[in-house]
Amino acid sequence: MGNTAKIAMVVSDLDGTLILPGDRISDKFLDVRRQLDNAGILFTLATGRGWFNTRELARRLNVSLPVVVQSGALIIEPASGEIIASYCIPPAVSEVLWQFKAKACDAFLLDLDGIYNTEGVLHPEGIKLLNYLDKQCRIVSRHWTVPAKGTVKHLFVGDRAEILTVSRRVKAIYTEGRQILWPGTKGSGWYLEIFAPEATKAAAVGFIAGRLGIPMEQVMAFGDADNDRELITAVGWGCAVKDAPRELRRLARLVIPGPRADGVAKTLERVVFGKEEERRWKRLFSIFTPTRF
């Protein structure tokens, strides 16, 4: 017999947790996704991506609930793309961060229109990001002022040592701000994201669950990175991928295989639908794995 009475909603991260390279979704997960609908269990996404790069996956996964993007800073209605809730950096603080200059770092600001703004890029990883964003990013003049309606995040890109220096200096400027630090591709640069302190996946999922009358104890969540930390501990069933940072694995109720091994689908089959008795994966995968940060 499954545990469907204990779990009313499932929330999953995307990159490193659910999807395969090239934004591929396994057939096995799509089958389990249909089983969730048949069992009346709700499903949504909570990702560090923006909505522009999430909406097609939300469509393919038949997500009708609000979707959490930008690591919890925005909650989006998938049918319309409307922002239901946002947790923004105050304009006065954002203006100070925008004027902040760092040697060998490129700076970006993401506003509520979903557009990144930058004065220009020099670092190889910043150039790569600018090319990736394409029409989602605009070059602005040095006299450009921060939009009063809200800043979703500030993003710095550069060498690791410089990014760590920026992180320390930003903490002095915006003590309560939330920082997420992560490496770029093939070690070519590092990223520092700065959000409002309320911008967490846990707060955003709590907002959605509250509107639906679902206790967080009845939510199952999957993640693989530091921006999943609060969510993993806030829900009743927090699951971390085995390649996640060690601290996240220690906080999780279950440690599961990664997307190449269909970890999310297999966990749902075993825990929710009772196709196999719950296994003690945590013991299996609790050996030391170097963190990414």
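Mind checking which helices in the chain clear 15 Å along their axis (Cα) and have mean Kyte-Doolittle hydropathy of -0.5 or more, DSSP H runs only?
Qualifying helices: 160-173, 201-212.
Just to confirm, what accessible area per residue do you get for the chain at 1.4 Å probe, in whole Å²?
Computed with neighbouring chains in place, this is 46 Å² per residue.
Classify the stretch 163-202: rounded, prolate or oblate, from the alpha-carbon gyration tensor (a ≥ b ≥ c, eigenvalue square roots; a/c under 1.5 rounded; otherwise prolate if a/b is larger than b/c)?
Oblate is the answer for the stretch 163-202, as a/c is 1.5 or above yet b/c matches or exceeds a/b.
Count neighbours as other Cβ atoms within 10 Å of each site's Cβ, and list the chymotrypsin sites (Phe, Trp or Tyr not before Pro) in the stretch 93-183 that are DSSP loop with at most 15 such neighbours.
Trp144
Can you figure out the FRET efficiency of Gln136 with Asp23, using R₀ = 22 Å and their beta-carbon distance, to the nearest 0.05?
After rounding, the FRET efficiency stands at 0.85.
Percent antiparallel among DSSP beta bridges with both residues in the stretch 4-85, to the nearest 5?
Of those bridges, close to 55 percent are antiparallel.
Going by Cα centres, the stretch 107-140 and the stretch 14-53 are how many Å apart?
27 Å
List the GluC sites (Glu not before Pro) within the stretch 73-150 that fall in a DSSP loop (any state other than H, G, I, E or B) and whose Cβ has at most 16 other Cβ atoms within 10 Å.
Counting only loop positions with at most 16 other Cβ atoms within 10 Å, the GluC sites (Glu not before Pro) in the stretch 73-150 are Glu119.
Using Cα pairs under 8 angstrom and six or more residues apart, how large is the relative contact order of the stretch 1-64, in percent?
So the answer I get is 43 percent.
Taking the chain as a Gaussian network, Cα atoms linked when under 10 Å apart, which of Asp27, Asp13, Asp111 shows the biggest mean-square fluctuation?
Highest fluctuation of the listed residues: Asp27.
At 1.4 Å probe size, with the rest of the protein present, what percent of the exposed accessible area of the chain is carbon and sulfur atoms?
Values: 7050 of 13520 Å².
Summing carbon and sulfur atoms, their accessible area is 52 percent of the total for the chain.
Rounded to the nearest 20 debye, what is the charge dipole size of the stretch 139-262 about its Cα centre when +1 sits on each Lys and Arg Cβ and -1 on each Asp and Glu Cβ? If you can, show how the numbers build up before the last one.
Values: 18 positive and 13 negative charges, 44 e Å.
About 220 debye.
Which value, in Å³ per residue, describes the convex hull spanned by the Cα atoms of the chain?
Spelled out: Cα convex hull of the chain, divided by residues, is 126 Å³.
Could you give me the percent of Cα pairs per 5 Å distance bin for the stretch 29-174, shortest bin first, beginning at zero and ending with the bin that holds the maximum distance?
Here the calculated profile for the stretch 29-174 is 2, 9, 17, 18, 18, 14, 9, 7, 5, 3, 1, 0.
The values are calculated or read from the model by the stated rules, or taken from the named source; none is laboratory data. This structure is a prediction, so every number in the text was calculated from the model and none was measured. Note that we place each Cβ from the backbone using ideal geometry, even for glycine, and neighbour counts take in every protein chain shown. Ligands, DNA and RNA are stripped out before the accessible areas are found, and what is left, the full protein with its side chains, is counted by its heavy atoms. Shrake-Rupley method; radii C 1.70, N 1.55, O 1.52, S 1.80 Å.
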